[in-house]
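Read through the structure below, which is laid out as structure tokens, and then see the notes.
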4 protein chains.
Amino acid sequence: MVGGGPGAFIGPVHRMAAELDGRLKLVAGAFSRDAAKSAAAGQAWGARAYGDFREMIAAEAGRDDGAEVVAIVTPNHLHFEPAAAALKAGLHVMSDKPATLNLAQARELAGIVAASGRLYGLTHVYTGYPMVREAREIVRRGDLGAVRKVVVEYPQGWLSEPIEQGGDKQAMWRADPAQSGVGGCIGDIGTHAFNLAEFVSGLAVERICADVAAVVPGRVLDDDCNVLLRFAGGARGVLIASQISAGARNGVSLKVYGEKGGLTWRHERATELTVDWLHAPTQILHAASPYLSGSALAGARIPTGHPEGFIEAFANLYRDFATAVAEGRVSADPVPGIEAGVRTMAFVETAVAASRAGEGWVALEGAAACAR
Amino acid sequence: MVGGGPGAFIGPVHRMAAELDGRLKLVAGAFSRDAAKSAAAGQAWGARAYGDFREMIAAEAGRDDGAEVVAIVTPNHLHFEPAAAALKAGLHVMSDKPATLNLAQARELAGIVAASGRLYGLTHVYTGYPMVREAREIVRRGDLGAVRKVVVEYPQGWLSEPIEQGGDKQAMWRADPAQSGVGGCIGDIGTHAFNLAEFVSGLAVERICADVAAVVPGRVLDDDCNVLLRFAGGARGVLIASQISAGARNGVSLKVYGEKGGLTWRHERATELTVDWLHAPTQILHAASPYLSGSALAGARIPTGHPEGFIEAFANLYRDFATAVAEGRVSADPVPGIEAGVRTMAFVETAVAASRAGEGWVALEGAAACAR
Amino acid sequence: MVGGGPGAFIGPVHRMAAELDGRLKLVAGAFSRDAAKSAAAGQAWGARAYGDFREMIAAEAGRDDGAEVVAIVTPNHLHFEPAAAALKAGLHVMSDKPATLNLAQARELAGIVAASGRLYGLTHVYTGYPMVREAREIVRRGDLGAVRKVVVEYPQGWLSEPIEQGGDKQAMWRADPAQSGVGGCIGDIGTHAFNLAEFVSGLAVERICADVAAVVPGRVLDDDCNVLLRFAGGARGVLIASQISAGARNGVSLKVYGEKGGLTWRHERATELTVDWLHAPTQILHAASPYLSGSALAGARIPTGHPEGFIEAFANLYRDFATAVAEGRVSADPVPGIEAGVRTMAFVETAVAASRAGEGWVALEGAAACAR
Amino acid sequence: MVGGGPGAFIGPVHRMAAELDGRLKLVAGAFSRDAAKSAAAGQAWGARAYGDFREMIAAEAGRDDGAEVVAIVTPNHLHFEPAAAALKAGLHVMSDKPATLNLAQARELAGIVAASGRLYGLTHVYTGYPMVREAREIVRRGDLGAVRKVVVEYPQGWLSEPIEQGGDKQAMWRADPAQSGVGGCIGDIGTHAFNLAEFVSGLAVERICADVAAVVPGRVLDDDCNVLLRFAGGARGVLIASQISAGARNGVSLKVYGEKGGLTWRHERATELTVDWLHAPTQILHAASPYLSGSALAGARIPTGHPEGFIEAFANLYRDFATAVAEGRVSADPVPGIEAGVRTMAFVETAVAASRAGEGWVALEGAAACAR
């Protein structure tokens, strides 16, 4: 693991998720650039500790019992280098999102992944929820007919006040372009929303019209994004991501409308998937029910009615990734890979640039090279 | 009443709503241009029947016991003339939305209203729901701090198929530019969404960036609209209105986010208003509860926990209008008036034109003359 | 109308409901025993006013244009006499629940109804909700298989404090045995719950085990009831009715479980009916949807997604009753009749007596004579 | 670990939960009485495997690096002996519920626990949910005033058909008195409901009136239970537990009504706690929100809006237990202990016996010795 030292939010989630099913074990980490802190974390977690990721990768790649998969849980500006180094050293990589600090890095990383023959996964955790996977299956099977419209919302409220100026560690790096890149909210959670819309609809966004804003006075990076979408084939969409939607917690929601019906998934009701039909009663599908498709069922550990949540969704990504590694697959699908990383970085850069320039509709340049 | 003959949907709602509280009574109508049909409707409802609205207005204005208020429940192209005639004859007007067939008519009607000294109300029914009025009060009182973001959605699915080609009467006139104007979905329900957003936020939309589309093959007018909004003072917004959101019923929802919290109202839970606070537990306010503001409480007929719905919301508009008439007020506020009509028609025309032209952000021209 | 004078809750509901569909009109009333108050109410509502129900019945029965249906909206102790008088005078009766002050009166009234050849309806309003009627249809059709269990809950909280001692008019008569009978909460809302359970399940309660209590200090009549039920054929049930469930509004809910699935109806989501299947996804049926049964569809005035509520449910009872009167039917089914009144009064008296005596299971004596 | 071999449901949950926070590690197990199966499970989980729990306890107690805590995840008839043996060998015990096969064993085990000086915990998992703990705090703080009524429901539908005759392993042992004891549904999930009601209300059940039935033909043990409750101090309650509520998944719900308001917790919305107030708006408290009490906050691993579920609730019990062990406490509170085990076994035996005998209200004998 790279990152995950004291005060981290997502590092512990990666550890719990990776180990939940007994398939992976945290054996080593460069948990902090402060060697003492890294050592302390290593001791707490029973893992070999390093003060530097390069040192870790070199050492682990050289051990017979060394790490096989490197989890990257650092801020955005520290995604590319460890990922590239690990892949080049022959290790697989699970990286927190977004893939890199910018699109150029993402495209470069895509080349490194391709050359490495190793697997690369991006923890777009929402794709790990069983009912999101069921949604994808429903669309794929054509149950809804052709997709016409996608509405994805990701409202948060925790940055409604300038808490990055008050020492909130999670806010500080997200508000800093050097660590986050050109996207604030759009990079942090807009990327999740974008990925989720493409993952479930099976359609690639081709054009966007974006309103990306920094609402809280004094903030440099955006904290509110509203984007009109046009998908390949003509379907329309709306993407709303916000960190100044005061009072909102983490209310990701996705609606996909086809010719015959529409489906709705909401993070706050993560174990349910609602399908409203044009000519029949609404259905609610429940996680872990035998009538679900294989991919959704595989994501359940316990019987229906016993809620599984964020950690379990994260664990599904790790489990699938571990399986792909164990079986020597060339792709960890359905775990999002570097092509999703390139697409989301193209989305971030295009939206920010077009919005700043006051442009309307623009093409999602740079994403095209990587077909989904 | 003008319109409301056999097969009408909204005519009977107007009648039930107007009479619900015993304040108004249907006494006369030009229910249909087919004199026999009009007569039959008049007999069924115990009202004087006319075959022509001009005839009705002339006759009723001349009677001592004649109608005082003319309700207009016809398709859009038949809103302006009866309204103008009634006002000129000294009668008050309650009109179904949108105010007129186009912006020019709306602006002309605004002049006629001003000159007439009569009251003019638009049945934007969502403003009649007690919890919508409570939402407006909460914003007005400043409980949320300054408004930063508004998201209004109005998804329907009933036009997912080209039923206007199959003889559906409600669909036929809505799909016909001669009867509907340049807006299809945006005129039919986008206007509700637009009005609702302005009504609750207390802010005027100044600029828009619209994606207005006809999705169903063969359809002339739009059936899906996604619009980015910019309000006076800088608040941002998103308006989504659709009649091809297959499976959706009539799921109007409104979210208004301020500095300190956000409120959510959903038509499907019309008697509830949710307020999510940045630093405190979520609150759910229930209709008819003593802790509500006066305007919300006044809209309840029965104790909390006994649901009131669409007809009652409609009736609240009629009751308020009747009170304003009885008391000789110069405005029927909170019933939306002609200025709301002008604004919504400006929204429709601007959005349709800008979207067709492929423009991005455009100013809401034509709406400015009527301050809210 | 008998009752419904100033300060009444249910009287205005009856008037609005009866007139909503233009089938009935309030023409006369003994609105109050205070002749001046009755006259004032009559003037407000445009109806002939009487100071005494006997006077009203005699006069109206003697007029060619006199009332055909007498609506009784008084406290319980004033149900029997007006009903009996009206029936004997050849008028039909719509009575608020419960039918009478006690079981003996109910049984006597059953005889009077039978002898009169007139129709008698009880406004158990929950049976007027379209989705309750759909629930009954689903059970009748056997979709759930044999019914095994019924859970009906009716929690209210408004009597959590002794407000009858503080002058609350609605609370005062309900807390007074002379006006309410032996049942407080059980008579007021337990009867609704009991009727609803039998109405939807189609099963008669045969034995009960009741815990009926006065929880608020100083209260004479019960304010909280918990009852185990045994239905004909062996199905089990639980009935919970309470007026000291602090914070509860009017949260009637009904769950009926069969061999293959279970249905849930909740008053707070009155336009929805949920059916959970043993081996298939959950379904939510929405009011006014074309896929519903005829009886549910007939109860809708407006398209799906436009909520109808308590007044409309009440109006459905009045509309059905008016139809039965107009068509000269011998029963106003599905409007509950006097047999439902006898059964609910037997339930009240049996439960109160058995609970006071500390008995366990007892038969529902006195209800048997009236087969459902 | 005792039990948890192939096909087990709850064994893996114990393992995931125990290890989630890195505080405990599965080091050894008697996973199956089939030595080969046990060995296979041990290998899969990286743990020492034994074919017999006595052997395991002896060996582990004798190792310096041996297990400190024994988790018992076997069917009910195999709870007492391993627990007793482990305690006598100086090991702590975390046992699945119910504590033992019958009340006599539970009382005997209480003595063994007391004599051992070791900690004993019962995995009544619902007490591990943060919002259940918040509910207990709200009641304890007196926010609701005195508790007047408790309604706890635990509907499941998976035993609606006689699947124990079709080879369903989970159903087979639950339907077998030799393995389950005298209680079927009441022992399996009624005990959870009973414990949850006492845990949150802080009140002991003193008397019950039970209807315990075997509904599915051919079933020996009960599959449906409806019980009236009387708590110390006079509060009333209703407990409903069922495994034939077809279509129900695992819908535990708890309502506690006090003088000033009522709270509702539902497993299907596990991260929310609703508090309805008599005189103020409803509140919804969300897990991991800073405004929660310490015990609720301590149970959250990730920020609000990121759902945690069943495994995390289970893990909270293990984490609290591990803390109590590490700190040498004399109680693992809030983890339910053997006194809860005695009370729930008294509930099961009393309810089953009284219901069979057709008795009404009976005292909860045998539970009194263990004050809560």
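Here are the numbers:
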| read-out | value |
| --- | --- |
| Over 24 Å between alpha carbons, listed pairs B:LYS37/B:LYS88; A:LYS149/B:LYS255; C:LYS169/D:LYS149 | B:LYS37/B:LYS88; C:LYS169/D:LYS149 |
| Charge dipole (the range A:10-118, unit charges on Cβ, about Cα centre) - positive-most of A:ALA58, A:VAL27, A:ALA110 | A:ALA110 |
| Listed residues A:HIS124, A:HIS14, A:HIS77, most fluctuating in chain A (Gaussian network, C-alpha, under 10 Å) | A:HIS77 |
| Estimated [θ] at 222 nm from DSSP helical runs (n ≥ 4, -39500 (n - 2.57)) normalised by residues in chain B, nearest 500 | -10500 deg cm²/dmol |
| Protection proxy ranking, peptides C:256-269, B:245-258, average beta carbon neighbours within 10 Å, highest first | B:245-258, C:256-269 |
| Within a Gaussian network of chain A (alpha carbon springs, distance under 10 Å), most fluctuating of A:ALA197, A:ALA178, A:ALA313 | A:ALA178 |
| For B:202-214, mean number of other protein chain Cβ atoms within 10 Å | 2 |
| Fewest-first sequence of C:HIS279, D:HIS92 by Cβ atoms within 10 Å of each Cβ | C:HIS279, D:HIS92 |
| Options C:TRP45, C:LEU101, C:ALA89, ranked by Cα towards positive dipole end of the range C:10-118, top entry (Cβ charges) | C:LEU101 |
| Rounded, prolate or oblate (a/c below 1.5 giving rounded, otherwise prolate when a/b exceeds b/c) for the protein assembly as shown by Cα gyration tensor | oblate |
| Loop-located chymotrypsin sites (Phe, Trp or Tyr not before Pro) in the range B:2-51, at most 15 other Cβ atoms within 10 Å (DSSP) | B:PHE9 |
| Whole-Å distance, taken between Cα centres, linking the range D:21-47 and the range C:265-285 | 43 |
| Other-copy label distances relative to B:GLU272, 7 angstrom Cα-Cβ extension, nm | 0.5, 0.8, 1.0 |
| Loop-located trypsin sites (Lys or Arg not before Pro) in the range C:123-214 whose Cβ has at most 14 other Cβ within 10 Å (DSSP) | C:ARG141 |
| Percent RCO, i.e. relative contact order, over the range C:10-118, from Cα pairs under 8 Å lying at least 6 residues apart | 18 |
| Peptide B:257-263 - average C-beta neighbours from other chains (10 Å radius) | 6 |
| Max mean-square fluctuation residue, GNM over chain C, Cα-Cα springs under 10 Å, options C:GLY183, C:GLY358, C:GLY66 | C:GLY358 |
| For the protein assembly as shown, size of Cβ-based charge dipole, Lys and Arg +1, Asp and Glu -1, in debye | 0 |
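Each value in this text was obtained by applying a stated rule to the coordinates, not by laboratory testing. If you're wondering where the values come from, they're calculated on a predicted model, not measured in any experiment. Every residue, glycine among them, receives a Cβ derived from its backbone with ideal geometry; neighbour counts consider all protein chains shown.
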